[in-house]
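As structure tokens, the structure follows; a few thoughts come after it.
The values are calculated or read from the model by the stated rules, or taken from the named source; none is laboratory data. Predicted model only: the values in this text are computed from it and were never measured. Don't worry about glycine lacking a Cβ; one is built from the backbone with ideal geometry, like all the others, and counts go over all protein chains shown.
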Amino acid sequence: EAQVTQNPRYLITVTGKKLTVTCSQNMNHEYMSWYRQDPGLGLRQIYYSMNVEVTDKGDVPEGYKVSRKEKRNFPLILESPSPNQTSLYFCASSPTGTGAYEQYFGPGTRLTVT
Amino acid sequence: GEDVEQSLFLSVREGDSSVINCTYTDSSSTYLYWYKQEPGAGLQLLTYIFSNMDMKQDQRLTVLLNKKDKHLSLRIADTQTGDSAIYFCAESINDMRFGAGTRLTVKP
């Protein structure tokens with residue numbers, strides 16, 4: 001089944017404790033992206049990747065890192081999480097990053113930083 | 001940056017039509033999209049329209065685009081309780097920008 005998977009689905013952590021949210025897609029998509037969803041603000045893009053070893057900042061990259069060593073995986077790293085990073089995070093992928101492209105979304109990771 | 005704006009809430013009765021509106025500000029947007037998010041799930045693409053079109057129909061869904069006013073709407077005919085969800089408008093040029101989402105509630 002074609003899908004985007006994220007792990008973990010739920011995470012409660014403390015300020016400053018490094019964490020990684022994994023994202024994997026099995027559709028051989030070139031483009032992958034991370035978003036955060038906050039009430040009243042919709043989805044805001046954190047980072048995106050047009051292909052392996054190519055990553056770029058989105059609208060809200062501060063406090064996050066990403067890597068794209070393999071086509072299928074695009075982990076989101078929070079080196080020192082803070083409470084303002086409490087949010088719902090979505091990973092998405094699409095065949096390409098330009099034109100009319102449908103983005104396939106993962107199920108989301110709900111992160112709480114205390 | 002450019003903004004995509006939508007009203008946050010819409011409530012309709014089952015069987016009525018729903019119209020969800022969106023305005024965008026970047027006139028160079030080439031594609032505009034409607035995504036649906038059901039509770040506890042990620043977003044799923046409902047439909048999209050190319051910027052040189054003014055209307056697209058797909059079963060119960062009608063998308064209208066007024067490029068002059070930068071206004072996009074999604075009409076759902078014969079709205080059902082299963083249509084209750086959050087609907088996101090999005091535009092893309094090189095990356096994709098989403099609105100805040102409109103929560104549609106369908107009352108029986």
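Which residues, taken from the stretch A:62-80, are in contact with a strand residue (DSSP E or B) (Cβ under 6 Å, 6 or more places away or on another chain) and not in a strand (DSSP E or B)?
A:Tyr64, A:Arg68, A:Arg72, A:Phe74, A:Pro75
Determine, yes or no, whether A:Met32 is of a type outside the set (Val, Ile, Thr) and over 23 Å from B:Gln37 (Cα atoms).
On the way: of a type outside the set (Val, Ile, Thr): yes; over 23 Å from B:Gln37 (Cα atoms): no.
For A:Met32, the condition - of a type outside the set (Val, Ile, Thr) and over 23 Å from B:Gln37 (Cα atoms) - is not met.
Report the residue count in the stretch B:66-82 for those that are assigned to a strand (DSSP E or B) and over 13 Å from B:Val19 (Cα atoms). First the steps, then the outcome.
Pass one, the stretch B:66-82, residues assigned to a strand (DSSP E or B): B:66, B:71-76.
Applying the additional criterion that residues be over 13 Å from B:Val19 (Cα atoms) yields B:66.
Within the stretch B:66-82, residues that are assigned to a strand (DSSP E or B) and over 13 Å from B:Val19 (Cα atoms) number 1.
Please work out which residue is surrounded by the most Cβ atoms within 10 Å (Cβ to Cβ), limiting yourself to the stretch A:29-43 and to residues that are in contact (Cβ under 8 Å) with a residue 24 or more places away in the chain and in a loop (DSSP other than H, G, I, E, B). Outline the logic, then answer.
Going residue by residue through the stretch A:29-43, those that are in contact (Cβ under 8 Å) with a residue 24 or more places away in the chain are A:29-38, A:43.
Next, only the ones that are in a loop (DSSP other than H, G, I, E, B) stay: A:29-30.
On the way: A:His29: 22, A:Glu30: 17.
The residue in question is A:His29.
Quick test of your reading of the structure: A:Arg68 fulfils all but one of (1) surrounded by 15 or more Cβ atoms within 10 Å (Cβ to Cβ); (2) among the charged types (D, E, K, R); (3) within 26 Å of B:Leu32 (Cα to Cα). Name the failing condition by number.
Answer for A:Arg68: the failing condition is (3).
Which of the residues spanning the stretch B:83-108 are under 17 Å from A:Ser33 (Cβ atoms), in a strand (DSSP E or B) and among the polar types (S, T, N, Q)?
B:Ser92
Give the residue that is farthest from A:Ile77 (Cα to Cα), with candidates limited to residues of the stretch A:44-58 that are in a strand (DSSP E or B), more than 8 Å from chain B (Cβ to nearest Cβ) and without any contact (Cβ under 8 Å) to a residue 24 or more places away in the chain.
Our first condition is that a residue be in a strand (DSSP E or B); within the stretch A:44-58, this holds for A:44-51, A:54-57.
In the following step, the residues that additionally are more than 8 Å from chain B (Cβ to nearest Cβ) were identified as A:46-47, A:49-51, A:54-57.
After this cut, where a residue has to be without any contact (Cβ under 8 Å) to a residue 24 or more places away in the chain as well, the list is A:51, A:54-57.
Numbers: A:Asn51: 18, A:Val54: 16, A:Thr55: 13, A:Asp56: 14, A:Lys57: 14 Å.
My answer is A:Asn51.
Mind checking which residues of the stretch A:1-37 are under 17 Å from A:Thr114 (Cβ atoms) and of a type in the set (D, E, K, R)?
A:Lys17, A:Lys18
Against the condition more than 11 Å from the chain's Cα centre (by Cα), over 23 Å from B:Ala41 (Cβ atoms) and surrounded by fewer than 22 Cβ atoms within 10 Å (Cβ to Cβ), how does A:Asn26 come out, does it pass? Steps first, please.
Values: more than 11 Å from the chain's Cα centre (by Cα): yes; over 23 Å from B:Ala41 (Cβ atoms): no; surrounded by fewer than 22 Cβ atoms within 10 Å (Cβ to Cβ): yes.
Spelling it out, it is not the case that A:Asn26 is more than 11 Å from the chain's Cα centre (by Cα), over 23 Å from B:Ala41 (Cβ atoms) and surrounded by fewer than 22 Cβ atoms within 10 Å (Cβ to Cβ).
On the basis of being among the β-branched types (Val, Ile, Thr), within 14 Å of chain B (Cβ to nearest Cβ) and touching a residue at least 12 places away in the same chain (Cβ under 8 Å), does A:Thr96 make the cut? Steps first, answer last, please.
Values: among the β-branched types (Val, Ile, Thr): yes; within 14 Å of chain B (Cβ to nearest Cβ): yes; touching a residue at least 12 places away in the same chain (Cβ under 8 Å): yes.
The answer is yes for A:Thr96.
Consider B:Leu10 carefully, then state whether it is surrounded by 14 or more Cβ atoms within 10 Å (Cβ to Cβ) and facing chain A (nearest Cβ under 10 Å).
Details: surrounded by 14 or more Cβ atoms within 10 Å (Cβ to Cβ): yes; facing chain A (nearest Cβ under 10 Å): no.
Judged against the criteria, B:Leu10 is not a match.
Inspect all residues belonging to the stretch A:47-55 and state whether any of them is under 14 Å from A:Gln85 (Cβ atoms) and touching a Leu at 6+ places or on another chain (Cβ under 9 Å).
We begin by selecting, within the stretch A:47-55, every residue under 14 Å from A:Gln85 (Cβ atoms); these are A:47.
Among the residues that remain, those that are also touching a Leu at 6+ places or on another chain (Cβ under 9 Å) are: A:47.
Yes.
Please go through the stretch B:11-55 and pick out each residue that is modelled with pLDDT of 95 or more, not small (Gly, Ala, Ser) and not in a strand (DSSP E or B).
Across the stretch B:11-55, the qualifying residues are B:Glu14, B:Asp16.
Would you check if A:Tyr48 is farther than 15 Å from B:Asp95 by Cα, buried (at least 16 other Cβ atoms within 10 Å of the Cβ) and not β-branched (Val, Ile, Thr)? If you could, list the steps in order and put the result at the bottom.
Values: farther than 15 Å from B:Asp95 by Cα: no; buried (at least 16 other Cβ atoms within 10 Å of the Cβ): yes; not β-branched (Val, Ile, Thr): yes.
Answer is no for this residue.
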